[in-house]
Protein chains: 2
Amino acid sequence: MPDGPESNADHPTLALDELIHQRTRLGILTVLAEAGRSDFAYLRDTLRLTDGNLSRHLQTLADAQLLTVDKVFEKRRPRTWVEITETGRAALDTQIEVLRDLLARVERGRDHSKEQQ
Amino acid sequence: MPDGPESNADHPTLALDELIHQRTRLGILTVLAEAGRSDFAYLRDTLRLTDGNLSRHLQTLADAQLLTVDKVFEKRRPRTWVEITETGRAALDTQIEVLRDLLARVERGRDHSKEQQ
């Protein structure tokens, strides 16, 4: 049986929030964390999504209060702004810490298996 | 519009392999990468899965040739051994590199938005 120093600690993947872990939603939140807010078209193009796909994921994230979606008119043209909330930033920060734990564990695992060879 | 130094580079989440990114499958592969091989019960308990759920994910990963599943008899009792393949290790390594890029980008994004405040 595997028996490293961390056998008794919960595996880091158990702490990953699946709502945020999903690839596209992780992309949306990281773009927004960097930019603060972004318009719909920028998110769609950066993450290479269809309008429908982006809309669906934004709805899921808005339902969880991780971001807000505002449809406005600018110079008589409709524009959709998406902004990360404080809750969204906190959730992403937590997720990033868990991923960092996971990467550190994989690194230590590599060293450990090298020692055993 | 957000306009960092990396605006023209593909967003790291685009390079994430969804097959491996899925939380439970990422857990299975990281446990196996650390241990080399593991039995079914250890994986199930470490990742807090049901037998059915673990079986389903193992099948998905085996279909992609990222691991092998061997059902054997040891001391007349059935035991299922799961082993990561070279393809599996390579795929996990690639994924880990992408996650590392993503974390680095989030970090730089934080510094960038601090500078703008």
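Just so it is clear, none of the values below were taken in a lab; they were calculated from the coordinates. Because the structure is predicted, anything quoted here is derived from the model rather than measured. Cβ sites come from the backbone with ideal geometry, for glycine too, and all protein chains shown count toward neighbours.
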Computed, not fitted: 222 nm per-residue ellipticity of the protein assembly as shown from DSSP H runs ≥ 4 (each -39500 (n - 2.57)), nearest 500, equal to -18500 deg cm²/dmol
Output ordering of B:26-39, A:34-47 (per-residue mean of other Cβ within 10 Å, highest first) is B:26-39, A:34-47
Could you tell me the distance between the Cα centroids of the range A:31-59 and the range B:14-61, to the nearest Å? 30
For A:Asp93 and B:Thr94, what does the FRET efficiency come to when R0 = 30 Å and r is the distance between their Cβ atoms, rounded to the nearest 0.05? 0.75
Put a dot 7 Å past each Cα toward the Cβ at B:Glu83 and B:Gln65; how far apart are the dots in nm? 1.6
Rounded to the nearest 10, the angle in degrees between the Cα long axis of helix B:86-116 and the longest principal axis of the Cα atoms of chain B comes to 30
Leaving out same-chain residues fewer than 8 places away, which aspartates and glutamates sit with a Cα under 19 Å from that of B:Lys75? B:Asp39
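Report relative contact order for chain A in percent, whole number only (criteria: Cα-Cα under 8 Å, sequence separation at least 6).
Values: 100 pairs, mean separation 34.0, N = 117.
It rounds to 29 percent for chain A.
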About the Cα centre, and with charges only on the beta carbon of Lys, Arg (+1) and Asp, Glu (-1), how big is the dipole of the protein assembly as shown? Nearest 20 debye, please. 600
With respect to the axis carrying B onto A, what is the closest chain B residue by Cβ position, and how many angstrom separate it from the axis? B:Leu99, 3
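In debye, nearest 20: dipole of chain B around its Cα centre with unit charges on the Cβ of K, R (+) and D, E (-)? Working shown, then result.
Details: 17 positive and 20 negative charges, 167 e Å.
The calculated dipole for chain B is roughly 800 debye.
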Give the residue from A:Leu47, B:Gln59, B:Leu47 lying farthest towards the positive end of the charge dipole for the protein assembly as shown; charges sit on Cβ (+1 for Lys and Arg, -1 for Asp and Glu) and the dipole is referred to the Cα centre. B:Gln59
Give, rounded to the nearest 20 debye, the magnitude of the charge dipole that the range A:21-81 has about its Cα centre when Lys and Arg contribute +1 at Cβ and Asp and Glu contribute -1 at Cβ. 180
